[in-house]
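The values are calculated or read from the model by the stated rules, or taken from the named source; none is laboratory data. None of the values given here were measured: they were computed from a predicted structure. Cβ: placed from backbone, ideal geometry, glycine included. Neighbour counts: every protein chain shown. Quick note on the areas: whole protein, heavy atoms, side chains included, nothing else; ligands and nucleic acids left out. Shrake-Rupley method; radii C 1.70, N 1.55, O 1.52, S 1.80 Å.
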Amino acid sequence: MNLATHTPREKLASHDEELANGYWKNEDVLVLIERRSNFFDELLRETWLRIMPEKTREQISLYALGGYGRQELLPHSDIDLLILALRPTNFQDEIRTFLHVLYDLNVEVGYSVRRLKECRQEAQRDIAVATAMFERRLLVGSNELDIKLTQVLTSPQLWPAEAFFKAKRDEQESRHKHFDNVEYGLEPNIKSSPGGLRDLQTAMWVFDRKFGTTNPDALEELGMLTRQEKDWLVDGRRFLLWVRFGLHLLAKRKDDRLQFEFQRSLAQRLGFVDTSARLGVERFMHHYYRHVLALREVNDILLQHFDESILRANEKPKVEPINERFRIRNNYIETCNDDVFHDHPSALLEIFVIMANRVDIAGVRAHTIRLIRASLPLIDDEYRCNPDNTRLFIDLLKAPYTLVSQLTRMRRYGVLGRYIPEYGEIIGQMQHDLFHIYTVDAHTMMVIRFLRRFHYRSMQEQFPVACHCIKNIPKIELIYIAGLFHDIGKGRGGDHSQLGAEDVTAFCQRHGIGEADTELVSWLVRQHLLMSSTAQRKDIYDPDVIHEFACEVKSEMRLDYLYGLTVADINATNPTLWNNWRATLMRQLYGETRKALRRGLESHVDKQTSIRACKESALDKLISQGMTEPEVATIWEIPGDEFFLRHTPRLIAHITRTIQNHDVETGPLVELQDLKGQVSHEGATEIFLYTRDQPNLFAASVVALDQLNLSVFDADIHTSSNGLCLNTYVVLDEKGLPIAKNPAARSRVQKQLTKLLTQPNSLQRVVRRLLPRQLKQLTRRTQVRLHNPTGANHTELTIIASDRPGLLARIGLLFLELELTVLSARIVTLGERVEDVFYILGADGHPIQDKEQAYTLENTLRQRLDSQITSNN
């Protein structure tokens, strides 16, 4: 196409299309961004020369700044410009015309119009302005004016290297703090997150200010970069620019946040396909995190090296010898000579053991970090089996201080991945959901961190049982080993718990750990999900469930180990998972299991024995308060066994009396009771609903609770032969707390439930709420399964679906429409996924046995719930 006669906008559109086609054909991204920069150079020069009078061109200049100045111009990057003039007021009309042409291109333009004096003033005042000007590139204008600007900006008084370094370091620390100092966010910012492009640029700006170059080869020659660091820098920059370029194309705007929908699209477009072990998007993000981790390491070591070798070069060192291999220099540990690791390979572990046994070492000097990295090939199979080395690693796990900091350093320097090769495979590995908010390696470090925190008195109130367990276990190093290996099998396909158990068994044997302890650690890894799964998915008030769990645990010691590991795992997966109700369930399971173990597994108290004992105690209280045994028996025909298993005799007596005093013909009875935990971070609100049965009972109840912004975590529905119901709902408010105890809050709940039960026509008016963006982007097809347990008088319905506001209310309305009766429900939310189990009966009041009917019901529920997400999108 001949573009000579086309408008600037048409030329730009054609150019953008050409670059996009080149990108999707996998052309070199560095060439593409340079071509885009050159295109704008030519377009702006042409426009400038057409507008500016020739006789005045020596009085005014046009510069590219920032990313445009670096010639890193992506599809929707800002065009940052500086217009420098001796007297800007003489060019107001020309500048206005020039900018009007740029705005007509429909691109983001950032500009400033300044005199030389103003350039100096603004650069001195604002480090960001100074940085942009240091990256200036003359596009068109006066060479004489350019020389003067260079003299102004290279003045020794304007941001000397030391001051510039401190300002950029402070700027980076502030930016990292905004992202919680993590480079592995679920939806990272390619530019600004730790390890992103801005970290790379920060290091380059500092060295440009000091040495006048950002060329990696030149920095290697200067000794500021090693060959490996140079490769990390070059490869990481290319990869991040490649991803950022594609992100701009997909988003059709300037967007540096790698949201879920773009992660999937980029992974597909860039050739990352699904495998049997991992999704393509997980493989793509694994590459992303690997590069980001490497870039952060380059940034950290460059800035630390600059600080040590340049800023502090003239400081008088304070040196403390440790042994013949290590010494402390100005609070940082270093080797005594460059051959330490070659001559004493065990020192690669010893250095971390030393730091974990002292509190006065701030870190490792840059040169020693580089020596560690250069010595990593020494860590081979023979090294891993050397008794001196295995002893050092166990000593590290037993050390009193900063264990997590040292393991994190080992991970960053490459030592941990070499010493435990299976761990090296999970570094940077993510799972594409909202349930796991950290990469697997980062999650593992968080598990160890929580296990350490359970020693602190400050954690006693929030995690009393976990703190008790951790203090009681005899060998703390065993739970740390289990924590290191519990997720190490992820990404390989198969059962990651079983794979991890096999890996940790070999590790323990290699480290001389006894047979009994090895079996314990292997069991912990293999069963690390057992306790949370039992607490969330089974009826832990049933003595038979407790007995089954206790038989697997076998001893109080193993129970303490498992509880501590489980609570650490839950909190390290996603902080929102640990709420009052989950804490209550876990304490209940722990307490009842401990009782069973102390009583002896052979002295099992079965379900019916527990129910009889509870009824006898409650009946004694009720008779002493004036009720007769026949009156009590009539009321106790309404609830099921769970009512007597889950509640104390005192509460059962109270609810029974309340029902006795209520005339059900006047309307439903709504009673709120606090399920109190032993600490403030436990507990929930249980709502008792006593009423006559009606077709919309479950639907009306959950819709009313949804409209009150209450989340249902458990439900128990029972109807007697005379048509009376006693249903219970365990709820938390939108903050994850029990309903406030003030009468007004509780009255609202009672009124809303009563209204929807007595005015069924209002039931269809469910509040329509928008899905959060992340839930929209991580939707999964709903799974529905019907199952008829042997000997049961109900059908078990399991719904696994993407969570969304009002989901349970929607399900309730579908049950109403399909004429399903709900007997009980267990509600489980895992990040963006729910796994709800309902015991139901069909329209005829019997379990659903007909295969065709079951198939139709499964498909109807699946399609209706999925269509609701589609319409919400």
*Restricting attention to region 259-282, and to residues there that are assigned to a loop (DSSP other than H, G, I, E, B) and polar (S, T, N, Q), which single residue is surrounded by the fewest Cβ atoms within 10 Å (Cβ to Cβ)?*
276
*What are the residues in region 31-61 that are closer than 30 Å to residue 236 by Cα and crowded, with 16+ Cβ neighbours inside 10 Å, if any?*
32, 33, 35, 36, 37, 39, 40, 41
*Specify which of the listed residues (331, 357) is modelled with pLDDT of 95 or more and either over 17 Å from residue 374 (Cα atoms) or surrounded by fewer than 13 Cβ atoms within 10 Å (Cβ to Cβ) (or both).*
357
*Would you please list the contacts, defined by Cβ atoms under 8 Å and residues six or more apart or on different chains, that run from a residue in region 658-675 that is modelled with pLDDT under 90 and surrounded by 18 or more Cβ atoms within 10 Å (Cβ to Cβ) to a residue that is not hydroxyl-bearing (Ser, Thr, Tyr) and not in a strand (DSSP E or B)?*
675/738
_Members of region 712-737 found to be open to solvent by 40 Å² or more (accessible area, probe 1.4 Å), in a loop (DSSP other than H, G, I, E, B), more than 16 Å from residue 670 (Cα to Cα) and touching a residue at least 12 places away in the same chain (Cβ under 8 Å), listed by number_ = 721, 722, 734, 737
*Could you check how many residues of region 782-808 are touching an Asp or Glu at 6+ places or on another chain (Cβ under 6 Å) and assigned to a helix (DSSP H, G or I)?*
0
*Within region 193-235, tally of residues that are of a type outside the set (Val, Ile, Thr), open to solvent by 10 Å² or more (accessible area, probe 1.4 Å), in contact with an Asp or Glu (Cβ under 7 Å, 6 or more places away or on another chain) and in a loop (DSSP other than H, G, I, E, B)*: 0
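Okay, residues lined up against (1) among the β-branched types (Val, Ile, Thr); (2) open to solvent by 20 Å² or more (accessible area, probe 1.4 Å); (3) closer than 19 Å to residue 723 by Cβ:
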residue	(1), (2), (3)
628	yes, yes, no
633	no, yes, yes
644	no, no, no
689	no, no, yes
696	no, no, yes
*helices (runs of 4 or more DSSP H) wholly inside region 360-415 containing at least 3 residues that are touching a strand residue (DSSP E or B) at 6+ places or on another chain (Cβ under 6 Å) and modelled with pLDDT of 95 or more*: none
_For the list (1) surrounded by 13 or more Cβ atoms within 10 Å (Cβ to Cβ); (2) within 28 Å of residue 54 (Cβ to Cβ); (3) touching a residue at least 60 places away in the same chain (Cβ under 8 Å), I need the number of the one condition that residue 144 fails._
(1)
*Restricting the first residue to region 207-229 and requiring it to be closer than 12 Å to residue 310 by Cβ, which pairs with a second residue that is surrounded by 18 or more Cβ atoms within 10 Å (Cβ to Cβ) and among the aromatic types (Phe, Trp, Tyr) meet a Cβ separation below 6 Å and a spacing of at least six or different chains?*
209/164
*Among 553, 567, which is modelled with pLDDT of 95 or more, under 25 Å from the mean Cα position of the chain (by Cα) and among the β-branched types (Val, Ile, Thr)?*
567
_Pick from region 785-821, criterion more than 27 Å from the chain's Cα centre (by Cα), β-branched (Val, Ile, Thr) and open to solvent by less than 10 Å² (accessible area, probe 1.4 Å), ranking: farthest from residue 731 (Cα to Cα)_ = 795
*When only residues in region 170-227 that are closer than 23 Å to residue 369 by Cα and among the hydroxyl-bearing types (Ser, Thr, Tyr) count, which is modelled with the lowest pLDDT?*
184
_Restricting to region 6-34, count the residues that are assigned to a loop (DSSP other than H, G, I, E, B) and either under 20 Å from residue 104 (Cα atoms) or basic (Lys, Arg) (or both)._
3
_Failed criterion for residue 245 (all others in (1) open to solvent by 10 Å² or more (accessible area, probe 1.4 Å); (2) modelled with pLDDT of 95 or more; (3) not charged (D, E, K, R) hold)_ = (1)
_From the options 350, 324, 315, residue that is open to solvent by 40 Å² or more (accessible area, probe 1.4 Å) and either at pLDDT 95 or above or of a type in the set (Lys, Arg) (or both)_ = 324
*asked:* Among the listed residues 601, 577, identify the single one that is more than 30 Å from residue 671 (Cα to Cα) and either at pLDDT below 90 or out of contact with any Asp or Glu (no Cβ under 9 Å at 6 or more places or on another chain) (or both).
replied: 601
*Yes or no: residue 297 in a helix (DSSP H, G or I), modelled with pLDDT under 90 and at negative phi?*
no
_If I ask for residues that are assigned to a helix (DSSP H, G or I) and either more than 23 Å from the chain's Cα centre (by Cα) or modelled with pLDDT under 95 (or both), which ones from region 524-542 would you list?_
524, 526, 532, 533, 534, 535, 536, 537
*Could you check residue 285 against (1) open to solvent by 20 Å² or more (accessible area, probe 1.4 Å); (2) touching a Leu at 6+ places or on another chain (Cβ under 9 Å); (3) within 25 Å of residue 409 (Cα to Cα) and say which number it fails?*
(1)
